[in-house]
Amino acid sequence: MRSVVSSYGLREPENDQMLTIFTTGKPFRGHIGMIQRNALKSWTLLHPDVEVILFGDDEGAAEAASEVGIKHIPHVERHESGMKYLRSIFDPAQEIARHPILCYVNCDIVLTSDFRTAIERLQTLHPHFVMIGRRWDIEVQAPLRIGGRDWEDNLKRVTLSNGKQRPPNWIDYFVFPRGLYSGQLPDFVIGRVVWDNWLVWRGLKSGCPVVDASEAAVAIHQNHDYGYHPSGASGVWGDELAQRNRTLAGSKFHICTIDDATHSLGLEGERRTVRHILRPLYRLQRTAREVAWLAMLDWTRPARKVLGLRQNRLHAVVARWRGTAPKG
C-alpha cells in the first residue's frame, strides 16, 4: 500500500483509517476485573475491524483477552517497584499496530459509537491530530449488558443523568497518529500522576492539532477504589514514584491539561480555542502558588510533625479540594 508523508513528518498508509486501541490493566479479579472486562468488550464493538491490544502479565489478563477476543502481549518492562513503564507499552504498540491511528485508553473506560464518530469527523478535517477529552464517572457494580439492545443509549442516559464529569486535568484517552510518541517517552510509570499531562504537551510540541472531544464523545469511567496502593489515593498522588514522574516531566510547562487543546470538537463542528493561548499565564500563576505552598510546608513542618500530618496526605487533601486528585 502506498504511503504519504504529512507536514508533521509522520508516515501514514492511504485508505487505512481504522483504529488500534491499546491499554494495560490491573489484575482481573473482583470489582476491578469486572469493570475492565466491561471496558474491553465495549471497545471491540466500535467497528468490525478495530484492533484491541492488552499489554501486561497481570493476573487474569490472558483469560480476559481470550474471553473478549483481543490480542494479548504479556511482556512489559517494570520499575523495581513492579510498576509498568509507559514506554514499554507505547513503543511496541506503535510498532505492531495494524492501523495508522492509535488510541491509548485506561482499562476502566467504556467507549461507545460516538467516540468512533468523533475520530471519523476529525479525519475529514486534519491529516493528523491528537484527540483527548474529559471523562464521566459513574458507579458500576455489575457487568454491563454491552452489545444488548439499546445498551449505548441506556448507558449514556444514566451517565449524563447521574454521573460526574471530571475536570480538564483528568485525561483517560489519547488518539494519535502512529509514530508520534515513538522513542520519545521518559521513564514514566503508569499508575501515578503527570505522564498523561506530559503526553498532551508532547502532542502540542509536535505541531499536531490537539482536539478536545469532550462535547462530542462521552467517555465513561467506572469508579473503583485505590486498593492497589497501600496508602490509597494519597499514595498514588504523593509517593516517591509520583514525585519521580513529576521530575521526569521536567518543566512545569510540560504539565498540560485538556484546557491546552488547540481545537474543540462539538456536535455542530470544530472550533479553534483561545484558552490554550492563556494557559502559560495560568501556569505561571500556579507556579507562584506552589512556591508559596512549599514555603508554608517548610514553615509548618514542626507543627505538622507533632500532629502527624505528612506532606503527601496534605497534597491529597488539597488535590481533592481542587478537583485534581489522582486518576484511576
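The values are calculated or read from the model by the stated rules, or taken from the named source; none is laboratory data. Just so we're clear, the structure is a prediction, and the values are computed from it rather than from any experiment. In this analysis, Cβ positions are derived from the backbone assuming ideal geometry, glycine residues included, and neighbour counts consider all displayed protein chains.
General remarks:
- Members of the range 243-269 that are buried (at least 19 other Cβ atoms within 10 Å of the Cβ), over 15 Å from residue 217 (Cα atoms) and touching an Asp or Glu at 6+ places or on another chain (Cβ under 8 Å): 261
- Members of the range 31-65 found to be within 20 Å of residue 224 (Cα to Cα), out of contact with any Cys (no Cβ under 6 Å at 6 or more places or on another chain) and aliphatic (A, V, I, L, M), listed by number: 32, 34, 35, 40, 54, 61, 64
- Count of the range 23-62 residues which are assigned to a loop (DSSP other than H, G, I, E, B), in contact (Cβ under 8 Å) with a residue 12 or more places away in the chain and not basic (Lys, Arg): 13
- Residue list for the range 155-188, filter: modelled with pLDDT of 95 or more and hydrophobic (A, V, I, L, M, F, W, C): 155, 158, 160, 171, 174, 175, 176, 180, 185, 188
- Here the range 45-63 is the region considered, the condition is being of a type in the set (Gly, Ala, Ser) and within 21 Å of the chain's Cα centre (by Cα), and the residue that is nearest to residue 24 (Cα to Cα) is 56.
- Considered as a group, the residues in the range 92-134 that are crowded, with 17+ Cβ neighbours inside 10 Å and polar (S, T, N, Q) include one that is farthest from residue 221 (Cα to Cα), and that residue is 94.
- Selection count, the range 1-22, where residues are in a strand (DSSP E or B) and at pLDDT 50 or above: 4
- Residue within the range 100-108 that is in contact with a Ser or Thr (Cβ under 8 Å, 6 or more places away or on another chain), farther than 25 Å from residue 122 by Cβ and of a type in the set (Phe, Trp, Tyr) present: no
- One residue from 265, 241, 248 being at pLDDT 90 or above and not in a helix (DSSP H, G or I): 265
- Checking each residue in the range 194-214 for being outside any loop (DSSP other than H, G, I, E, B) and either of a type in the set (Phe, Trp, Tyr) or closer than 16 Å to residue 106 by Cβ (or both) picks out 195, 196, 197, 198, 199, 200, 201.
- Boolean, residue 142 is surrounded by fewer than 17 Cβ atoms within 10 Å (Cβ to Cβ) and closer than 23 Å to residue 41 by Cβ: yes
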